[in-house]
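What follows is one structure encoded as structure tokens, with my remarks underneath.
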Amino acid sequence: MDRLSRPATLASRIAQALRDDIAAGRFATGERLPAEAALADTFDVSRPIVREAIALLKADGVLVTRKGSGAYVSETPGGQVWRLASAPDGGPTLAQLFELRRVVETACAEMAALRRTEADVAAMRDALAAMQRHADDFPSAAAADIAFHHAIAQAGHNPCFTGLTDFVSQQLLVARQHAWENTARLRADGATPRAADAEHAALVDAIVRGDPVAARAAATAHLEAAAARMGLA
């Protein structure tokens, strides 16, 4: 489970090179990019590869295309979609993604303790109950786990954090399922609560009490334990 994505494609590498050129100011907002043939010569690739790279940048809002005219740098050259950068030999490692999760989710817990509503708390408790109900149905339990952490991010009432939490959760979906399987194997018997249940309950309790320090500490403790269950500690 070292890498979570396939090696970067040639088109994605060219797209990243063009992103770098735009960020460096080599192409200004509203400026037309060189024609496909010229870009193909520059990167020593075929025109279909260049076309694919441009399509990637267009999908992310970095470029706009005009029929019969070409591709232009958009008014939002930084893009409107956040993606994980691909290393030459593949995407980020599981450990790197988990570092991001720790930063984001501890902040979300702290904000949730300060801003949560009754509806937010109800959503957390519903997701926690679903995790317990589906303890031996790993895909359903993992989905409920994602819903639980989404509810906490939502309780912070900052859509930037909610969107980032959801994105990272999806990236870690398979790893989360493996963690559920591992903890299920370690249970002494069916009546013994899983460690994650107690960690989640402590996190909800701190949020309900409105204690941001305790909420951050509970989130940290849970994520450290989760890292161990994923073999990252």
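The values are calculated or read from the model by the stated rules, or taken from the named source; none is laboratory data. Here the structure is a predicted model, which is why all the values come from computation and not from measurement. All Cβ positions, even for glycine, are placed from backbone atoms using ideal geometry, and neighbour counts span all protein chains on display. The protein model used for the area step is the full one, side chains on, heavy atoms only, and it has no ligands, DNA or RNA in it. Shrake-Rupley method; radii C 1.70, N 1.55, O 1.52, S 1.80 Å.
Step by step: first the residues of the stretch 12-41, then only those that are farther than 15 Å from Thr65 by Cα and basic (Lys, Arg), then the one that is surrounded by the fewest Cβ atoms within 10 Å (Cβ to Cβ). Which residue is that?
Result: Arg26.
Just checking: which of the helices (runs of 4 or more DSSP H) contained wholly in the stretch 115-233 hold 2 or more residues that are at pLDDT below 80 and either in the same structural domain as Arg102 (by the TED database) or in contact with a Pro (Cβ under 8 Å, 6 or more places away or on another chain) (or both)?
Those helices (runs of 4 or more DSSP H) span 138-155, 159-171, 173-186.
Is it the case that some residue within the stretch 77-97 is of a type in the set (Lys, Arg), in a loop (DSSP other than H, G, I, E, B) and either outside the structural domain of Ile22 (by the TED database) or modelled with pLDDT under 80 (or both)?
yes
Write out, first by first residue and then by second, each pair whose Cβ atoms fall under 9 Å of each other, whose residues are 6+ apart or on separate chains, and whose first residue, in the stretch 155-178, is at positive phi while the second is modelled with pLDDT of 85 or more and in a helix (DSSP H, G or I).
Taking only residues 6 or more apart or on different chains, the pairs are His157/Met111; His157/Ala112; His157/Arg115; His157/Asp120.
Can you name the residue in the stretch 94-153 that is over 19 Å from the mean Cα position of the chain (by Cα) and among the β-branched types (Val, Ile, Thr) and, of all such residues, is most open to solvent (accessible area, probe 1.4 Å)?
Checked the stretch 94-153; the qualifying residue most open to solvent (accessible area, probe 1.4 Å) is Thr117.
Can you confirm whether the stretch 10-25 contains a residue that is modelled with pLDDT of 90 or more, over 30 Å from Ala227 (Cβ atoms) and not in a helix (DSSP H, G or I)?
no
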